[in-house]
Structures are given as structure tokens and as C-alpha cells.
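The values are calculated or read from the model by the stated rules, or taken from the named source; none is laboratory data. These figures come from a predicted structure and were not determined experimentally. Cβ sites come from the backbone with ideal geometry, for glycine too, and all protein chains shown count toward neighbours.
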Amino acid sequence: MIATNFGPFASRITGTGSAFPDQRLTNLELTKKIDTTDEWIRERTGIQERRIAQAGSEADRNSSLGARAALAALEMAAKTASDIDLILYATCTPDTLIPSTACWLQKKIGATKAWALDVNAACSGFVFGLATADSFLRSGQFKTALVVGGDILTSMTNWEDRGSCILFGDGAGAAIVERTEATNPRRILSVHMGADGRHWELFHVQAGGSNMEVTAEVRAKKLDKMEMKGREMFKVAVRTLGDYAVQALESNGLALGDLDWLVPHQANLRIIEAVAKRLELPMEKVLINIDRYGNTSSATIPTALDEGVRKGLVKPGETVLLDAFGAGVTYGSILMRW
């Protein structure tokens, strides 16, 4: 699905923010828990350490991290919580199934004017949420949206699975998205979304929904934890991330050389490098934070973008491509001029 600007309005990101738990888990510390080495993890994933939320900690709850990220984004955008019309919270690890994490966040930041809902597209969640916000703002119905991507993936990690437990971390990223004129060059140019449920087995959690109740027996079998087919995921991720990057540029009449920054989902450094190679894009134009945070699911893209903005790497007028891939499988890209 492709959507481009129509009518008199467009949207643009005016503020970003990030938040992570304080506790770090380094590769060396992991070697004390599982049969692996720091070298093995770095070579295959590019990860050096990740942040781990503490169970039972109010500060480390998904919505608490999201609130910290949201307040930082509001400050950058020179907005207050009362300016927010809608909250879209992308997560597959909600605080509670009822109410939504978006409602918990609304309560914590005092955005009483906003309506709020969760978006679950796994690692593609932030891009899907941003695309949804863009559509509402372009319609002229609302002026300001808060989009958050936050996950506590370690709550669903099987720490006995040597191949997957090394990958995941926790965090949240946020963006303030405002309505602007369609003639504003600094705007979201187009969104490109897709999904293919036929590949659900590549990455899934069997228990926790209506299909399978979480019982003591289910926990003992680790069926309430993430299961991933790594090699198959790698192939599909490289293909779809590359395809949707090219699609976004071509639909706007741009060449690969016109792209200033690629902000990909941070699943694995080898995947990112393979996509950059396919696009003939130097790694100097790719924003990366997986080395310090691991795969934080829906938080990877907004936190990497926030870091690039706050470091002064991403400059006004530059062309930025957000490129996501996640379980479902889901995938999508958003091209914008910062």
C-alpha cells in the first residue's frame, strides 16, 4: 500500500525522544548465563550490550519509558501534553492487555485531550503508527499526534535459547507529529506499508492470547516466549527492507544517491549491512544504535532517529528514510524531508 499527500495538509515530525532502562547486560555478562562468547555475538549481530528492564520496577514499565521519551519529544517540539490530539503507542509487549499502554501513557503525561490506542505490528510498529498519524493529520481532523514505539522484549525472551536471547533489549522512542501545509518541503513525503501473514511462523509467541492460555505447563515449555527462525527471517528481512526502500524513493522520483539517511529497524547489524550493500549506500549514511541497545522492536527506529537528530547528524532539509520489518510478517517504509 502506498499513500502520498493529498489535499491542503501534510505532516512532519517536530520532536523526538528516547528512554532506556538503566541496567546494562553486556555480552561478557551473557557468557556467564549461556554457552557463547563476546566475539561470537559481535560477529553475528553487531551487539555489544543491551538494556534490561527490571521486573516490578515502575520506572521500567513500558509506559514509563514511553512517557520519558514522550516528554523529551514534547520539549524538542516546544509543545505540552495538552497540545496532543491523539496518541498511538506501538508495542507488542503492553503493560496490560486492558487498558491499553497508550492509555497508561496518557495518564502519566497528562494528555487529557488526546484519544489513545495501541498499535501492534511488532518491530514495524512505530512506522505503522507514524503512517496512521500522518493519515489523520493530513485529513485535517487533528493538529498534533504523539507516536511512541516501546517494548520490553526481555519479558518474552527465552534465556535458554542461545540463538535468540542475545538479540533483545528494552526501550522506547517517541515522536511529535504535527500537521503542516502540503507545500511545506519539510514533511512526510510518502508511506509504504505491507504484511504477509503466511510467514507467521518465522517469528511468533504461541501462548498469551486467546489461542493458548498461559498455564504452568505452558510456562515450563517456554511457549509464552518468542520463537524465531533466524536464517529464514534474515532472508525475508533483507529482501523486504531493500524492496521498500527502493519503492519509497522511486515513488517520489528520487534516486538512491538522493538519500541522506537510512534509519532501518535494528534487528541485526548483518541485515543492515546487507540492505545498505544492496542499495549501494555507504554505512556512513545509516543510523545505527543496535550495538548499544540490541533489538528493541518498535523502539529501534524512533530511538535511532532521535539519536541522529540530537547529535546534529540529521539536518533540516535532508531526506530521511525509515525502513521497518517485523513479525507477522509486517514491513513498511516512510520517506520524509527533515
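The condition (being closer than 21 Å to ARG162 by Cα and in contact (Cβ under 8 Å) with a residue 60 or more places away in the chain) is satisfied by just one residue among ASP35, ASP83, ASP60: ASP35.
Any residue in segment 227-238 that is part of a loop (DSSP other than H, G, I, E, B) and either assigned by TED's automatic domain parsing to the domain that holds THR91 or under 28 Å from GLY66 (Cβ atoms) (or both)? Looking through segment 227-238, none of the residues is part of a loop (DSSP other than H, G, I, E, B) and either assigned by TED's automatic domain parsing to the domain that holds THR91 or under 28 Å from GLY66 (Cβ atoms) (or both).
Only residues that are within 20 Å of PHE136 (Cα to Cα) and more than 18 Å from the chain's Cα centre (by Cα) were counted in segment 85-99, giving 2.
Just to be sure before I move on: is HIS199 under 16 Å from ALA133 (Cβ atoms) and assigned by TED's automatic domain parsing to the domain that holds GLY308 in the structure I sent? The answer is no for HIS199.
From the list VAL275, VAL263, exactly one residue is among the aliphatic types (A, V, I, L, M) and in a helix (DSSP H, G or I). Which is it?
Answer to the check: VAL275.
When GLY312 is tested against (1) more than 11 Å from VAL127 (Cα to Cα); (2) in contact with a strand residue (DSSP E or B) (Cβ under 9 Å, 6 or more places away or on another chain), only condition (2) is not met. If the condition is being under 24 Å from GLY326 (Cα atoms), among the aliphatic types (A, V, I, L, M) and in contact with a helix residue (DSSP H, G or I) (Cβ under 6 Å, 6 or more places away or on another chain), then segment 87-121 contributes ILE87, LEU88, ALA90, LEU105, ALA116, LEU117, VAL119, ALA121.
So which residues in segment 294-338 are in a loop (DSSP other than H, G, I, E, B) and closer than 24 Å to MET233 by Cβ? GLY294, THR296, ALA327, GLY328, VAL329, listed by residue number. Take the conditions (1) touching a residue at least 12 places away in the same chain (Cβ under 8 Å); (2) closer than 27 Å to TYR331 by Cβ; LEU97 misses just one of them, which is (1).
A quick yes/no check of all residues on (1) of a type outside the set (A, V, I, L, M, F, W, C); (2) modelled with pLDDT of 95 or more; (3) surrounded by fewer than 18 Cβ atoms within 10 Å (Cβ to Cβ):
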position	(1), (2), (3)
ASN184	yes, yes, yes
GLY208	yes, no, yes
ARG231	yes, no, yes
ALA255	no, no, yes
ASP260	yes, yes, yes
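Counting the residues of segment 259-290 that are out of contact with any helix residue (DSSP H, G or I) (no Cβ under 7 Å at 6 or more places or on another chain) and farther than 18 Å from LYS235 by Cα gives 3.
With respect to the conditions (1) over 25 Å from ASP224 (Cα atoms); (2) buried (at least 24 other Cβ atoms within 10 Å of the Cβ); (3) free of Cβ contacts under 8 Å to residues at least 60 places away in the same chain, ALA175 lacks only one, and its number is (3).
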